[in-house]
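Participant: Can you read through this structure? Questions will come right after.
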Amino acid sequence: QKEVEQNSGPLSVPEGAIASLNCTYSDRGSQSFFWYRQYSGKSPELIMSIYSNGDKEDGRFTAQLNKASQYVSLLIRDSQPSDSATYLCAVNYLKNTGFQKLVFGTGTRLLVSP
Amino acid sequence: EAQVTQNPRYLITVTGKKLTVTCSQNMNHEYMSWYRQDPGLGLRQIYYSMNVEVTDKGDVPEGYKVSRKEKRNFPLILESPSPNQTSLYFCASTVSANTEAFFGQGTRLTVV
């Protein structure tokens, strides 16, 4: 069973601070990693994708990947109250049948206080 | 506008009454999936399709059927719904096996 683990939170940060969200995964063969943001009752929306070790920055968001440690993180700089949501880590496993399987963590709830 | 469209958005039904949730994408994606989301359990894959007439089971396929007769459509069929299928359902599509998924708006299903 492929697993993606996240701390459920809530993670509380003040407005303007850096929020750090973490995720670990079980399959060393994984090649694709994604962070989604989900507001309550809404569909997940893609924040970042990362495919190789290191950092990837997009605006206030930075994704970090360490395949040796099987660890993915998301940093949100200058956090805003509108960033309050659940953040889902997803890892794409390629099954030996050739089919893909996107496995999601249960999400970390982020609360940004004004 | 590129999108994944699910219908209906909300559905309340009775145990045993067959229902279909439709999903359509206009991005010419080959890969489509169905997920259900339950509190504390996260998003779990129900079924997956990598092309027309090609489908595979996900983690929780019991009680569900799918078909992929056209590239753009991937309906989810509940032949005999039960209360444990009450959930929030999402359809998603992807360009290829390793790329990000684009989600529909969700269907909140209640089976009484």
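The values are calculated or read from the model by the stated rules, or taken from the named source; none is laboratory data. Quick caveat, the model's predicted, so the values are computed rather than measured. Cβ: placed from backbone, ideal geometry, glycine included. Neighbour counts: every protein chain shown.
Participant: Does A:A17 satisfy being among the hydrophobic types (A, V, I, L, M, F, W, C), surrounded by 13 or more Cβ atoms within 10 Å (Cβ to Cβ) and not in a strand (DSSP E or B)?
Facilitator: Criteria met by A:A17.
Participant: Can I ask one more? Test A:T24 against the stated conditions and say whether it is at pLDDT below 95, touching an Asp or Glu at 6+ places or on another chain (Cβ under 9 Å) and either more than 10 Å from chain B (Cβ to nearest Cβ) or within 20 Å of B:A101 (Cβ to Cβ) (or both).
Facilitator: No.
Participant: Same structure, new question: Among the residues of segment B:38-57, write down those that are within 22 Å of B:P8 (Cβ to Cβ) and surrounded by 21 or more Cβ atoms within 10 Å (Cβ to Cβ).
Facilitator: Passing the criteria: B:L43, B:Q45, B:I46, B:Y47, B:S49.
Participant: Would you pick out the residues in segment B:27-64 that are modelled with pLDDT under 95, not hydrophobic (A, V, I, L, M, F, W, C) and not in a strand (DSSP E or B)?
Facilitator: Passing the criteria: B:N28, B:H29, B:E30, B:P39, B:G40, B:E53, B:G58, B:D59.
Participant: Quick one: what pairs do we get from segment B:48-61, first residue under 17 Å from A:N96 (Cβ atoms), second in a strand (DSSP E or B) and of a type in the set (K, R), C-beta under 6 Å, 6+ apart or different chains?
Facilitator: Note: pairs meeting the criteria are B:D59/B:R44.
Participant: Now a separate question. With A:L46, A:L94 as the choices, which residue is in contact (Cβ under 8 Å) with a residue 12 or more places away in the chain, facing chain B (nearest Cβ under 10 Å) and out of contact with any Asp or Glu (no Cβ under 9 Å at 6 or more places or on another chain)?
Facilitator: When all the criteria are applied, what remains is A:L94.
Participant: Right, another one. Any idea which of A:L74, A:L111, A:L88, A:L11 is among the aliphatic types (A, V, I, L, M), more than 9 Å from chain B (Cβ to nearest Cβ) and buried (at least 21 other Cβ atoms within 10 Å of the Cβ)?
Facilitator: Just one listed residue meets the conditions, A:L74.
Participant: Given the condition more than 8 Å from chain A (Cβ to nearest Cβ), among the hydroxyl-bearing types (S, T, Y) and either buried (at least 17 other Cβ atoms within 10 Å of the Cβ) or closer than 23 Å to A:T106 by Cβ (or both), answer yes or no: does some residue in segment B:91-107 qualify?
Facilitator: Yes, some residue in segment B:91-107 is more than 8 Å from chain A (Cβ to nearest Cβ), among the hydroxyl-bearing types (S, T, Y) and either buried (at least 17 other Cβ atoms within 10 Å of the Cβ) or closer than 23 Å to A:T106 by Cβ (or both).
Participant: Among the residues of segment B:94-112, which ones are in a loop (DSSP other than H, G, I, E, B), within 14 Å of B:A2 (Cα to Cα) and of a type in the set (A, V, I, L, M, F, W, C)?
Facilitator: B:V95, B:A101
Participant: Quick one: A:Q31 ticks every box in (1) in contact (Cβ under 8 Å) with a residue 60 or more places away in the chain; (2) closer than 14 Å to B:A101 by Cα except a single one, so which number is it?
Facilitator: (2)
Participant: Tell me, yes or no, whether segment A:99-114 has at least one residue that is more than 22 Å from B:I46 (Cβ to Cβ), modelled with pLDDT under 95 and in a loop (DSSP other than H, G, I, E, B).
Facilitator: Yes, the conditions are met somewhere in segment A:99-114.
Participant: Does segment B:3-13 include one or more residues that are within 28 Å of A:T97 (Cβ to Cβ) and assigned to a strand (DSSP E or B)?
Facilitator: The answer is yes, given that some residue of segment B:3-13 is within 28 Å of A:T97 (Cβ to Cβ) and assigned to a strand (DSSP E or B).
Participant: Okay, next question. With the requirement that a residue be farther than 16 Å from B:T5 by Cβ, touching a residue at least 60 places away in the same chain (Cβ under 8 Å) and not small (G, A, S), what does segment B:69-93 give you?
Facilitator: Correct list: B:L78, B:E79, B:P81, B:P83.
Participant: Could you tell me how many of the residues in segment B:65-90 are more than 11 Å from every other protein chain (Cβ to nearest Cβ) and in a strand (DSSP E or B)?
Facilitator: 7
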